1. Go through segment B:45-149 and tell me which strands (runs of 3 or more DSSP E), entirely inside it, have 1 or more residues that are within 14 Å of chain A (Cβ to nearest Cβ) and at negative phi.
2. Pairs please, first residue from segment A:160-184 and within 16 Å of A:Leu13 (Cβ to Cβ), second anywhere and open to solvent by 80 Å² or more (accessible area, probe 1.4 Å) and part of a helix (DSSP H, G or I), Cβ atoms under 7 Å, 6+ apart in sequence or on different chains.
3. Looking at (1) in a helix (DSSP H, G or I); (2) more than 44 Å from the chain's Cα centre (by Cα), find the lone condition where A:Asn292 falls short.
4. Which of the residues spanning segment A:369-412 are in a helix (DSSP H, G or I) and either closer than 14 Å to A:Gly459 by Cβ or in contact with a Phe, Trp or Tyr (Cβ under 6 Å, 6 or more places away or on another chain) (or both)?
5. As an exercise: evaluate B:Phe175 against (1) free of Cβ contacts under 8 Å to residues at least 60 places away in the same chain; (2) out of contact with any Cys (no Cβ under 8 Å at 6 or more places or on another chain) and give the number of the one condition it does not meet.
6. Can you tell which of A:Leu519, A:Leu570, A:Leu524 is open to solvent by 60 Å² or more (accessible area, probe 1.4 Å) and aliphatic (A, V, I, L, M)?
7. Checking the condition modelled with pLDDT of 90 or more and surrounded by fewer than 18 Cβ atoms within 10 Å (Cβ to Cβ), which residue from B:Ile82, B:Ile87, B:Ile56, B:Ile68 passes?
8. Go through segment A:278-291 and report how many residues are surrounded by 13 or more Cβ atoms within 10 Å (Cβ to Cβ) and either hydroxyl-bearing (Ser, Thr, Tyr) or at pLDDT below 85 (or both).
Amino acid sequence: MFDFRQHSIKAKLTLLTMLTSGVALLISVTLFGFNDVRTFRTSMVRDLQTLADVIGHNSASALDFDDEASAAKTLTSLEHKPSILTAAIFDKDGKILATYMRAGQPTAAHAPVREADGYRYASGRLQVFRPIQRGAERLGTVYFQVDMSDLRLLITRYVTVGIVILVGALLVAFVLAARLQQVISKPILDLAQTTRVVSENKNYSVRAVKQSNDEIGFLIDRFNEMLGQMERHEKELTEVNVQLRQSQEEALAATEAKSQFLANMSHELRTPLNAIIGYSEMLEEEAADSGNADAIPDLKKINGAGKHLLALINDILDISKIEAGKMELYLETFDLKPMLEDVVSTTRLLVQKKSNKLEVRLSPDLGAMRADLTKVRQALFNLLSNASKFTEHGTITLDAARDGVWIVLQVRDTGIGMSREQLGRMFQAFSQADASTVRKYGGTGLGLAITRHFCRMMGGDVTVASEAGKGSTFTIRLPAEVIDPAKLVEEKAPLAPDQLPKEGNTVLVVDDDPSARDLLQRFLNKEGFHVECASSGPEALAAVKRVRPTVITLDVMMPGMDGWSVLTKLKEDSLSADIPVVMLTIVDDKHFGHALGATEYLTKPVDRERLTAVIRKLRKPAVPGQVLVVDDSPEVRELLVHMLERQGWTATTAEDGRAALDIVAVKKPDLILLDLMMPRVDGFEFVSELRKRLDWRAIPIIVITAKTLTNEDRLLLQGHVQKVIQKGDFNHNELLVELRDLVAECVQRSRTAETGQHVQI
Amino acid sequence: MRSSQTFATAVCWPAFLKKLAALLCFRSLALLALASSLVWPTELRAQNALQHEYEIKAAYLYNFINYIDWPAETLPAAGGTITIGIIGENPFGSAFENLNGKQIKGRTLAVKTISSAKDLDACQMVFVCASEKNRLPEVLSQLKDSRILTVSEIEGFAEQGGIINFISERNKVRFEINLDAARHLGLTISSELLKLAKLVKS
């Protein structure tokens, strides 16, 4: 159907003009036609009546004397009027005196019958009955039957002419309208074009050209004004943005410089401090030995101050490391009880200093824990020292218990406590209750911030509940089995070579040097490849036929048949011609290698990472895996799913964290691609929820986000996700390539990990 | 005519009705003819036809007035009387009953029998009856100088100096006119009338 609204204003104007003129023309042609036909008919009737009168007059005498012949003769004069088909003269009694019938007319079935005077239409013919009178005396009636074909002809001619005029006029109207509509449409179309240029090119410097002083001109003026304003705003905005970016860069650089400076400075400070502490201890011992007891307290003070200073420096170093994202986890399995007792004994002195009592309640089922021992210890130590710092003549309680997969460490004191506002700033670096606190209680104010970071890094957290004047309770919750996903594979014991999947995953290592073979085999096994070895060219060719490797690494310098010959043979055989070959050699002769058909060329000593990357690239797509895509944008989901499916993976999608958790609960995916900014449950929450379940922790996560990550964001994600890809960092293709490699790697890892676990069980 | 009409109407009828109707029509017509021939004596029928003929002739006499212009002095003023005189044995019977006293040309028609020459003065038209056949020359000579329209039904009347004479043509009443005679008397006869008449000369 023709939808008027879909068309350009040009077409609309033309159509409107044509419609208007067409309708007006149609009405006038029709009215003129009707009027003409009516006039024609009236005059025809009048003519006929006059004719009837003449005939009547001429037949008066025939009527008087009943003379049929005369009457008939009179009627014969009607021959000159071809439209009259039948005529008759009736006498005053209605009896027929004479009839006339046009030549060639079929004989009427029956004679005409007199009817009332006047005219009427019957079966397409006009019938006229006209009285014959002499004065008031009625003599008879004249009757005509008239063919209306003239009228029909006229009407037909009118319709034809009307259509011709209409079509002609419409054509003229079309030509005129098509030209004249430009007066109105051109400025509008120009304006539309300008808006398109503006919106497509973001070019606010263009201006629409004003052509008239009407409403459109007014519109164009206003539009240009708006463009001017936008241009100004855009310019201002760009300037501000540039300034902001500069400031941001400067700030980032400054932060970086600060962290770097702090790290360096701390390191530089420690060296002389070690000397001060060491020598003060030495002097103390010497003073004790030499009986110089007076000097001992002073030396102790020097030693204490030095140690305090060292602690401060260590804290500063930690915080700067954390902020720079350089803090790493070193996981190990340890018994909790000895560790806790160790910390308690270390802090006992500190606790007793302000006459506090320390109560330790260890749950009997504590058992072992896998975590970063140093960081757990430091976190707990920080809480205990913090408690003893702000408590005098009170009790400090340490509760340690296991809560399912969680280890809960709680430190309660009866100290000064904190107000609600203070609680809010509790875990922020460099902020204590207030500035005076530092003078009164000492410390760096970094302890709690460090504690929180450590706990979060390990997938747990620290919380506080406090009331001013009554004391505070700090609770650390840590997973009993901390998993550092970044080091997942390294943490796993390498799989036995025969447990590795062979299909599409086999590398044939060809080298005459046994140690080089062994090295490569071990390394590639560790990377998850199944490895077959061959020590000579012929052996290699046989192995290729037997195991159909996915990739071949080929040493060039071999006794007997050298690498080049093997390569040539391989490429000659259609069965092995398609297998990618990586040449490994000390001789750098890339062109020769490529000419012979080598796919890649690496020089010895082999860069392991490069080799892995090359082999991964050449290997056929990874074993199909299940990938969960979590993103609130349907376009992004679709794009990623498309990309994944093209690589042979199956993908499920979720539009937010809530839905994603539901899906994970039903079926554990091999990998999760996660957006951060989502409604309901966002990426951060999702990660923290996911990491609470031990069996879900192993699921690798790749974050794809458009959000510019703050340091805090980085810290939240650190240790929990495999990789963060910034949507803005890449163009689409690069993102896809990167993502494909990552996903392949992750799925492969989680697969091998799973296989490994199963085998171990 | 009648049978064709019957046929025409019968065309529309179903076939069996067509036969029946044709039969019935023919029967009834035949019966009617038979009955009338039995009931009315032939003489009576002839008399009846004669009466009808004179009714027509009376009407014609009346109609002639419309087509004749008399010289002004012979016609009485409007509102006067136009008189038709009957010479001889009047055959009209009651045929003039309807016409006598009728208005024509703004005057009243009167019909009277002429018994003496004096009576002729008031007449504008005279009808010379068939009874006067033998003394026609005498009658005509008597009317020769008058301005009176002479009408008769005697054969050769117009040729002998009469103006209009009724004749019979295919069983219809027609008339012949001697235009010279009329002109001679100063009477003008309308061409309308002339075209209906058979023109004769003296």
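The values are calculated or read from the model by the stated rules, or taken from the named source; none is laboratory data. For clarity, every value in this text was computed on a predicted model and none was experimentally measured. Cβ sites come from the backbone with ideal geometry, for glycine too, and all protein chains shown count toward neighbours. Ligands, DNA and RNA are excluded from the accessible area calculation, which covers all protein heavy atoms including side chains. Shrake-Rupley method; radii C 1.70, N 1.55, O 1.52, S 1.80 Å.
1. B:107-113
2. Correct list of pairs: A:Gln181/A:Lys10.
3. It fails just one condition, (1).
4. Within segment A:369-412, A:Leu373, A:Lys375, A:Val376, A:Ala379, A:Leu383, A:Lys389 qualify.
5. If we test B:Phe175 against (1) free of Cβ contacts under 8 Å to residues at least 60 places away in the same chain; (2) out of contact with any Cys (no Cβ under 8 Å at 6 or more places or on another chain), just (1) comes out false.
6. It is A:Leu519.
7. B:Ile56
8. The qualifying residues number 2.
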